[in-house]
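To start, the structure itself, in structure tokens.
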Amino acid sequence: MAEVVSFLNVSKKYHLGMTRTSLPVLLSRWIKTVMRRSNQEFGHTGDFWALQDVSFSLREGESLALVGENGAGKTTILKLLAKITKPTMGTIRANGTLSALIELGAGFHPDLSGRENIYLNGTILGLKRQEIEQRFDQIVDFAELEKFIDTPVKRYSSGMAVRLGFAVAASIDPDILLVDEVLAVGDSAFRLKCMNRIQELIENGTTLIFVSHNMGLVKAVCEKAIYIEKGTIKQFGETGDVVDAYNHALDQRRIHAHDHVRGGVTNQKGVCEISRVTIIGKGLDQDPLMPSRAALIGIEYHAFRDVGEIAIVLRIIRSDGLPCAALYSQKDQASLLIEKGDGRIEVTLSPLQLFPGTYYVVVTIKDKDQWVVHDMAYSDWFQVQSGWPGENDLDAVFEPNRRWECKRRDQENPDTLIAPGAMG
């Protein structure tokens, strides 16, 4: 397969500070540039290198995820590919038609209607008027905006704007598709529709570069990934390996940050400290955590004196940062008293109901009035496993208790539903 995207030793530098374009300022800037040839060196005061020596390539039909924290350089890569900005150094090649969905509603005129913006945006993306007309009904149907297509876009919600933007961008069957976090907006049904469309494009040979903080989407869509940090590539390879490396780095930062802020969140230092937070299945360390089984969360602490009644806030966070559960001891009317010495607080989740995936627990101990924070602590990562083949991580958040029934309508009394085989 032919190479479609090529990044070769690409660097991008931005000048920090206020930008002015008056003649005196421009003249002064030119004089300074002539006098200080060292401006081209990395690390020059007043310059910020968004990317430094980044190289990768993609072939037809390949999908690549860019993962990393905000400000790492992910969107800069997309903007360079889309020719929104130019590289400071290096070579970029993108062969074929390119469609970019980088910023919410980018390319839309707020005073124009959805209909008019389809023609405007389609033209910007390189479609002829006849091609837009042929795709128009398909775009409107995909965006689910039939009732609002003649309404000015400035009256659209953010979800409506991104639906229309994605519908236009995905309608042109591009050779290269750039998607940056826009699928975080909108309901789950539309996100699923977008993911199905992306998979369809990939199968038809479109090369995808995808940016998202949702590691579930990243794993589901992309076969390769780049972990980028402070403008440089930390790891490039199979998506699962790269996501694991990124999650491990986040875990280390989380632990490091907790070590630094532990005293800072405590308004009564030396009163009570959390020594450990654990979560185990059915009360035994060797039992795997599963949605349908009970789980026990243990909070071990040391109190330097009698504390009295306390309140606990417990949150369960998924590996992509999504808060999945929040438990409040006071809301549950749990009476929790801490006396001087070592102790343990336990909360049982029966059943656990978390869908398969990777999570951690955050625990905060407060006084009974919740004005004073005594301590905050994190558990290690824990894995919820599936006992059912084909059930993927991060497909959902929780698995509710349920009961299935199949009933038939009574022929003599249509308003009555009865179990199959029962007498009507």
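What follows draws every value from the coordinates through simple rules; no lab data is involved. It should be emphasised that the depicted structure is a prediction, and the values quoted were computed from it without experimental measurement. Cβ atoms come from the backbone with ideal geometry, glycine included; neighbour counts cover every protein chain shown.
Points worth noting:
- Around the amide H of ALA311, modelled in the peptide plane, lie the amide H atoms of LYS366, ASP367, LYS368, all under 5 Å away and 5 or more residues distant in sequence or on another chain.
- With a simple spin-label model that places each label point 7 Å from the Cα along the Cα-to-Cβ direction, the separation between SER158 and THR123 comes to 3.0 nm.
- Amide H partners (placed H, <5 Å) of SER63, local residues excluded: LEU208, GLU223, LYS224
- Distance between the range 202-235 and the range 284-323 - C-alpha centres, whole angstrom: 33
- Violating pairs (Cα-Cα greater than 25 angstrom) within the set LYS13/LYS83; LYS79/LYS230; LYS74/LYS224; LYS147/LYS407; LYS230/LYS366; LYS79/LYS234: LYS147/LYS407; LYS230/LYS366
- Peptides ranked, highest mean first, by Cβ atoms within 10 Å: ranges 322-335, 222-235, 192-205: 222-235, 192-205, 322-335
- What the Cβ-Cβ distance of SER6 and ARG344 gives, at R0 = 60 Å and to the nearest 0.05, is a FRET efficiency of 0.60.
- Between the amide H of LEU289 and those of GLN385, distances stay under 5 Å, these residues lying 5 or more places away or on another chain, with hydrogens modeled in the peptide plane.
- Simple label model, 7 Å out from Cα along Cβ direction - ALA334 to HIS302, nm: 2.3
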